[in-house]
Amino acid sequence: MAKIYVAGLTGLVGSAVVRRLVGAEGLLVRTMEELDLTDQRATREFFERERPEEVYLVAARVGGIQANRAYPAEFLYQNLMIEANVIDAAWRSGVKKLLFTGSSCIYPKLAPQPIREEHLLTGPLEPTNEWYAVAKIAGIKMCQAYRRQYGFRAISAMPTNLYGPGDNFDLETSHVMPALLRKFHEAKRAGAPRVTVWGTGTPRREFLHVDDLADALVFLMERYDAEEIINVGTGEDLTIGELCAMVRDAVGYAGEIAYDASMPDGTPRKVMDVSRLRALGWAPRVGLREGIEATYRWYLEHRA
Ligand code: GDP
């Protein structure tokens, strides 16, 4: 069994990859306090000392539409540093294979839908998350450059919008799914007549349960080895308004939904073409309704 390093242990994705790999011999993890991946020297020393063979580079500074707007410098700087340090140190120390995760927001704001991998860098980005997107595009290009120049087996997977246990439920910085779970839950407890959500409710998004993503990443680590990026999603989307109705049902809230159009909508539609991944033989297993209910149970247990 290979020695596997999961970078990003405490994040939504990293914790799911660790759950998926648990029991695997030689699983190597570090918290952010133990290893600061924005620190080049510390990162190099870690790789030289531990010599992992496989690396899941799923560490990133992440956040929802409002966090991206509030912290552009941190989103750009921290993500560039993490990617540059980990990819270079992994190659230098002789890692056999590295998997890097990007995001569906790397694609142009007005990319044809569903979005295919070849739409990368064919148009302007969505301004609400371009800082994060530019950093993630740099990470993809690092993987491609190290493969071309050094023959380093680095691959890049592009997950769609994710949700699940371990998500960030802070209303200012979270993504839409945890924000809605929390807002509907708190409104139900307080007996509030309505819940206000951001934007117009019309944007369309695709949601993948993070356990499905973790399963896909392990699958790709084993089966995929090419320069081309590969989308990971369900290929199905719904409007934010429809999502609100599903979350309201899962929480059991009876009040109304109001929209605050002074908050940004972001890109009008973001749904992945997942035919390349499907053709390799992988498909998601967690249905959206069931995934929302499970995430709500997790939230109730871990809220404190
Ligand atoms: P995006 O996919 O990069 O736009 O990231 P988000 O998950 O933050 O937002 C998705 C959509 O949900 C956007 O259209 C938001 O305006 C909308 N939305 C509605 N209510 C909320 C909320 O309370 N928090 C967040 N983050 N988004 C919300």
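Annotations
- Prolate/oblate/rounded call for the range 110-268, Cα gyration tensor, a/c under 1.5 rounded: prolate
- FRET E, pair Val22, Ala190, Förster distance 45 Å, beta-carbon r, rounded to 0.05: 0.75
- For the range 1-41: rounded, prolate or oblate by the Cα gyration tensor [a/c cutoff 1.5]: oblate
- Dividing the helix sum by the residues of the chain, where each DSSP H run of 4 or more adds -39500 (n - 2.57), gives a mean residue ellipticity at 222 nm of -13500 deg cm²/dmol.
- Measuring nothing but protein heavy atoms, the accessible surface of the chain at 1.4 Å probe radius is 51 percent carbon and sulfur.
- For Ala187, net neighbour charge (Lys/Arg +1, Asp/Glu -1) across residues whose Cβ lies under 11 Å away: +4
- Put the Cα centre of the range 168-211 next to the Cα centre of the range 122-167 and the gap is 26 Å.
- Label-point separation, Glu227 to His302 (7 Å along Cα→Cβ), nm: 3.9
- Within the assembled protein chains, the solvent-accessible surface assigned to Thr200 is about 60 Å², based on a 1.4 Å probe.
- Lysine pairs meeting the criterion (Cα under 25 Å, 8 or more apart or interchain), as found in the chain: 12
- Environment charge at Gly255 (Cβ cut-off 10 Å; Lys +1, Arg +1, Asp -1, Glu -1): +2
- Accessible area per residue for the chain is 44 Å², calculated with a 1.4 Å probe on protein heavy atoms, without ligands, DNA or RNA.
- Longest exposed-site-free window of the chain, the sites being trypsin sites (Lys or Arg not before Pro) in a DSSP loop that have at most 12 other C-beta atoms within 10 Å: 1-284
- Gyration tensor verdict on the chain (Cα atoms; rounded if a/c is under 1.5, prolate if a/b is larger than b/c, oblate otherwise): prolate
- Descending semi-axes in Å of the range 1-110, equivalent ellipsoid built from Cα gyration tensor: 25, 16, 13
The values are calculated or read from the model by the stated rules, or taken from the named source; none is laboratory data. No experiment lies behind these values; they were computed from the predicted model shown. With ideal geometry, Cβ positions are generated from the backbone for all residues, glycine too; neighbour counts draw on all protein chains shown. In case anyone asks, the SASA skips ligands and DNA or RNA and just uses the protein heavy atoms, side chains included. Shrake-Rupley method; radii C 1.70, N 1.55, O 1.52, S 1.80 Å.
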